Amino acid sequence: IDEYRTGDHWKLNTIAPHDLLLLLHTFKSLRVLEALSLDIDYITFLHFSTLPHLEQLTISISSEVLSHFSSENHDHLFPSLQKIHLNTPSLESCAELFELPNAFERLTALEIRSEAGAIWDLHPFLQSLRRNTYLPTNLTYLKLRIAFYPWEPPLPLSTTSPITFFTLSPLLIFPNLSTLHIDADTPFHLTNIDLTRLGTSWPLLEVLNFPERTSSSTPQLTLTGLLPFLKSCPHLRELTLRVDGTEDVSNFADLGPIPPHRSLTDFCYCRSPIKNPSGVAAFLALAFSKLETIGDNWLYGFDDDLVGFPEDPLDQKYRALWGDVEEKLSQVLLHPNN
């Protein structure tokens with residue numbers, strides 16, 4: 001047997017039955033293990049780390065097991081592993097794992113998921129990835145996500161730490177990064193200059209997803225500030241980013257000719273403030289000439305029909321204005337055959 005998969009990913013953190021763990025220990029030729037619903041113990045995780053052909057690993061694991069594993073002396077861990085997806089409550093124990101010497105020499109894709117309510121300190125974790133011998137060169141896919149319930153409002157800003165350029169700075173030496181997704185239910189505090197520096201460091205980037213559910217602050221990123229970033233990332237296909245669409249878009253003609261981006265097809269504007277839908281639509285039509293889908297992530301506060309609506313009056317205003325943008329764009333873009 002070289003593949004073992006469970007389909008009940010919705011049922012997370014189930015203590016794996018002892019007999020099942022014993023069965024997993026008998027699999028010596030595993031290439032793929034997908035069992036996100038199973039909470040794996042120390043002995044089983046140690047067994048997985050020594051499998052010579054294991055390429056994909058998807059499991060749930062406690063912080064205690066990860067810390068115990070990282071505190072022991074091991075040699076040549078996960079020699080063939082290329083993709084790992086962990087459901088675990090703490091980034092701190094994950095940082096200890098990826099700082100182990102002689103480990104993860106072939107890893108190209110990393111995904112970590114935590115349950116709703118988790119509070120992450122991202123910078124130390126990203127520093128641990130940077131200190132790994134192999135990851136700065138090999139890693140192409142990084143997804144970090146805290147699950148949240150869409151019917152609950154965003155976390156108060158007083159309880160979260162914003163993600164800044166300093167937070168992300170350890171990733172500047174990851175030149176082969178093609179997908180970066182960070183969803184920690186916390187705001188991003190990035191400037192146009194910050195975004196340009198990130199784009200210059202990731203020339204192969206295809207997907208950048210920085211979703212935000214907040215609308216209580218004005219982002220420093222602007223729509224025209226996206227242009228240098230897009231120039232640095234010619235392969236970008238998907239972008240999720242909250243920007244300020246109220247200030248500079250009326251003056252975008254002063255920028256001169258806008259070279260259209262030929263790859264971007266999906267744009268999620270989150271809860272971006274907006275004032276002039278006609279100007280925003282004109283700018284997007286010029287800058288994102290291949291755009292096929294545009295949307296938001298306003299989903300919270302369900303009614304009886306399970307449809308999400310923003311409850312704040314200002315949110316409702318912004319959402320209606322972005323609806324005008326989508327309608328205007330649908331006349332000239334958003335059609336794959338156009």
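No lab work stands behind these numbers, since they all come straight from the coordinates. Note that the coordinates shown come from a computational prediction; the quantities given were computed from them, not determined experimentally. Heads up, the Cβs are rebuilt from the backbone with ideal geometry, glycines too, and the neighbour counts pull from every protein chain shown.
Taking the Cα-to-Cβ direction at residue 231 and at residue 1 and moving 7 Å from each Cα, how far apart do the two end points lie in nm?
Reported label-point gap for residue 231 and residue 1 is 5.6 nm.
Which of rounded, prolate or oblate describes the chain when judged by the alpha-carbon gyration tensor and an a/c cut-off of 1.5?
Prolate.
How far apart, in nm, are the 7 Å Cα→Cβ label points at residue 26 and residue 176?
Label-label distance for residue 26 and residue 176, simple model: 3.8 nm.
Can you tally the net charge around residue 211? Count Lys and Arg as +1, Asp and Glu as -1, for every other residue whose Cβ sits under 12 Å from the Cβ of residue 211.
With Lys, Arg at +1 and Asp, Glu at -1, the net is 0.
Compute the distance in nm between two label points, each set 7 Å from the Cα along the Cα-to-Cβ direction, one at residue 161 and one at residue 191.
2.1
Could you calculate the contour length gain from residue 293 to residue 324, that is, 0.36 nm times the residue separation minus the distance between their Cα atoms, to one decimal place in nm?
9.7 nm
Which whole-number percentage describes the relative contact order of the chain, with Cα contacts under 8 Å and a sequence gap of 6 or more?
Over the chain, the number comes to 9 percent.
Nearest 500 deg cm²/dmol is fine: what mean residue ellipticity at 222 nm does the chain get from its DSSP H runs of n ≥ 4 alone, each adding -39,500 (n - 2.57), divided by its residue count?
Calculated at 222 nm, the ellipticity per residue is -8000 deg cm²/dmol.
Assign one of three labels to segment 16-91, namely rounded, prolate or oblate, based on the Cα gyration tensor with a ≥ b ≥ c the square roots of its eigenvalues; rounded applies when a/c is under 1.5, prolate when it is not and a/b is larger than b/c, and oblate otherwise.
It comes out rounded by the Cα gyration axes.
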